[in-house]
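The values are calculated or read from the model by the stated rules, or taken from the named source; none is laboratory data. These numbers were taken from a predicted model, which means no experiment stands behind them. Every residue, glycine among them, receives a Cβ derived from its backbone with ideal geometry; neighbour counts consider all protein chains shown.
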Amino acid sequence: MNTPTWLVYALLGALCASMINVFGKIGMAGVNADLATGLRSIVQALFVVGFCVVIGAWDKVGTLGTKSISMIVLSGICGGLSWIFIFRAIQLGEVTRVAPIDKLSLPLGILLAVLVLKERPSMMNWAGLLLIVVGVYFATIKS
């Protein structure tokens with residue numbers, strides 16, 4: 001059975017993302033959340049730029065158009081704001097309650113894809129998204 005490459009990357013991305021909040025919470029003991037986010041951002045930026053250099057992708061940066069650059073910059077700003085807010089949240093709250101709320105980005109992102117990109121999820125997809133929202137609610141209830 002051939003596993004699609006995109007699925008392997010998606011699963012590896014999810015695995016790596018699952019560790020962010022836990023490592024961040026441990027690392028922020030006695031550290032300002034915004035400073036921790038700044039340091040994390042520097043490490044991440046250097047790592048990704050280094051990766052692009054190693055695989056030869058950085059050589060093509062000059063071919064990017066204005067629209068591509070603008071959208072990538074906006075994406076970066078949104079990502080930075082997301083990290084700032086999430087690191088502040090995990091510093092103040094439990095990762096087991098913050099992480100599920102962070103994952104509301106999935107249904108919100110799909111809703112934006114429908115509105116902006118005109119994508120059309122199936123009824124099964126909408127049912128799955130509804131279950132995610134309900135799951136977030138249950139995962140964040142303090143018993």
Out of the range 91-105, which residues are assigned to a helix (DSSP H, G or I) and surrounded by 10 or more Cβ atoms within 10 Å (Cβ to Cβ)? GLN91, VAL95, THR96, ARG97, VAL98, ALA99, PRO100, ILE101, ASP102, SER105
Mind checking which residues of the range 111-130 are touching a helix residue (DSSP H, G or I) at 6+ places or on another chain (Cβ under 6 Å) and part of a helix (DSSP H, G or I)? LEU129
Considering every residue within the range 73-90, establish whether at least one is surrounded by 11 or more Cβ atoms within 10 Å (Cβ to Cβ), outside any helix (DSSP H, G or I) and free of Cβ contacts under 8 Å to residues at least 40 places away in the same chain. no
Selection count where residues are assigned to a helix (DSSP H, G or I) and either surrounded by 13 or more Cβ atoms within 10 Å (Cβ to Cβ) or touching a residue at least 24 places away in the same chain (Cβ under 8 Å) (or both), scope the range 131-143: 6
Could you go through the range 37-51 and let me know if any residue there is among the charged types (D, E, K, R) and either surrounded by fewer than 11 Cβ atoms within 10 Å (Cβ to Cβ) or at pLDDT below 90 (or both). no
Does the range 26-38 contain any residue that is under 29 Å from SER143 (Cα atoms), part of a helix (DSSP H, G or I), more than 15 Å from the chain's Cα centre (by Cα) and of a type outside the set (A, V, I, L, M)? yes
Can you tell me which residues in the range 63-101 are more than 18 Å from the chain's Cα centre (by Cα) and of a type in the set (A, V, I, L, M, F, W, C)? LEU64, ILE69, LEU92
